[in-house]
Amino acid sequence: MLPRAGFAIIFSMLLAACSLVTPKFEKPTISVASISLESGNLLQQNFRVVLKIHNPNSRSLPIKALTADLKVSGEEIASGQSSRPVIVPAYGDAELEVGISANMALALLKLSKHSDTHGDAIPYDVTGVVTLELPFFRTLPFHESGSFDLHGGS
């Protein structure tokens with residue numbers, strides 16, 4: 001009986017120690033810095049999107065890769081990825097280029113259908129995963145949503 005109680009106490013102490021060692025981690029913020037058209041035709045366009053990544057943590061953030069998908073009105077219209085590693089400094093910013101493939105003809109069709117039935121705003125969702133080279137955090141999912149105002153407001 002005593003060895004079991006001792007084992008439980010030691011195990012509890014180890015778990016408590018691990019929680020103290022695990023670093024506190026705040027999610028970085030990701031925003032679009034620029035978009036440029038690389039190539040395209042009527043069916044598919046290829047864009048280079050530069051993402052600005054802000055690291056609010058006290059240690060650098062080694063990013064191994066990033067994938068992202070864009071949905072407009074629930075329909076996926078663009079996706080892309082970057083496998084070029086980048087290190088975001090502690091409390092700093094870095095930029096990451098992502099190649100995005102989109103079907104703008106499909107997007108325009110969806111936008112026109114949506115504007116006929118739902119008014120002035122079109123909902124969008126950007127989801128993705130950042131792959132990190134950290135011992136406690138291997139992947140970091142992100143999700144941003146909002147709406148496009150068709151009449152030029154925010």
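The values are calculated or read from the model by the stated rules, or taken from the named source; none is laboratory data. This one's a predicted model, so the numbers in the text were calculated from it and none came from an experiment. Because the Cβ atoms are built from the backbone with ideal geometry, glycine has one as well, and the counts that use them run over all protein chains shown.
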Exercise for the section: Mind listing just one residue for me: the one in region 96-105 that is of a type in the set (A, V, I, L, M) and in a strand (DSSP E or B) and, of those, surrounded by the most Cβ atoms within 10 Å (Cβ to Cβ)? Expected result: Val98
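For (1) more than 27 Å from Phe137 (Cβ to Cβ); (2) among the basic types (Lys, Arg); (3) modelled with pLDDT under 90; (4) not in a loop (DSSP other than H, G, I, E, B), each residue gets a yes or a no:
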position: Phe47; (1), (2), (3), (4): yes, no, yes, yes
position: Leu51; (1), (2), (3), (4): no, no, yes, yes
position: Ile63; (1), (2), (3), (4): no, no, no, yes
position: Asp69; (1), (2), (3), (4): no, no, yes, yes
position: Ala94; (1), (2), (3), (4): no, no, no, yes
Practice task
Could you tell me which numbered condition His151 fails, if it satisfies all but one of (1) exposed (fewer than 13 other Cβ atoms within 10 Å of the Cβ); (2) at pLDDT 90 or above; (3) out of contact with any strand residue (DSSP E or B) (no Cβ under 7 Å at 6 or more places or on another chain)?
Solution key: (2)
Exercise for the section: Report yes if Glu26 is loosely packed, with under 13 Cβ neighbours inside 10 Å, touching a strand residue (DSSP E or B) at 6+ places or on another chain (Cβ under 8 Å) and modelled with pLDDT of 80 or more, otherwise no. Expected result: no
Exercise for the section: Any chance you could count how many residues in region 82-92 are part of a strand (DSSP E or B) and either surrounded by fewer than 16 Cβ atoms within 10 Å (Cβ to Cβ) or among the hydrophobic types (A, V, I, L, M, F, W, C) (or both)? Expected result: 3
Practice task
Take the residues in region 56-73 that are of a type in the set (S, T, N, Q) and more than 13 Å from the chain's Cα centre (by Cα), then tell me which one is surrounded by the most Cβ atoms within 10 Å (Cβ to Cβ).
Solution key: Ser73
